[in-house]
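See below for the structure under consideration.
What follows is calculated from the coordinates using simple rules that are stated; it is not laboratory data. Please read these numbers as outputs of a predicted model, since none were measured by experiment. Note: ideal-geometry Cβ built from the backbone for every residue, glycine included; neighbour counts use all protein chains shown.
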Amino acid sequence: RIAAGGRVVDPRMRGGERSAPSPLTGRETEVLRLAAAGAHSREIAADLFLSVGTVRNRLSSAVGKLHARTLVDAVRIAQGQGWV
């Protein structure tokens, strides 16, 4: 590579791959993170001092913003991007 004019960078010096900015709000991310850890809507609501309806709305919003079909898909997408 060097002879051809290219650069060689030590892998330890490279920055990590950066993902796109998250389309999720802070609260959507927080709720999705807890759901990813296995918490149910009632547990998330109690932990974050929210109503169960609000938790469900936040999860639904996150699924929509990530163009996911299910909550499990949304979690996989968010984890894959490093957002949760």
If you scan the range 39-60, which residues turn out to be surrounded by fewer than 17 Cβ atoms within 10 Å (Cβ to Cβ) and part of a helix (DSSP H, G or I)?
R42, E43, A46, D47, L48, V52, G53, T54, R56, N57, S60
Can you work out which of the residues in the range 36-70 that are touching an Asp or Glu at 6+ places or on another chain (Cβ under 8 Å) and among the charged types (D, E, K, R) is nearest to W83 (Cα to Cα)?
K65
Note on the range 55-69: residues out of contact with any helix residue (DSSP H, G or I) (no Cβ under 7 Å at 6 or more places or on another chain) and not basic (K, R) are N57, S60, G64, H67
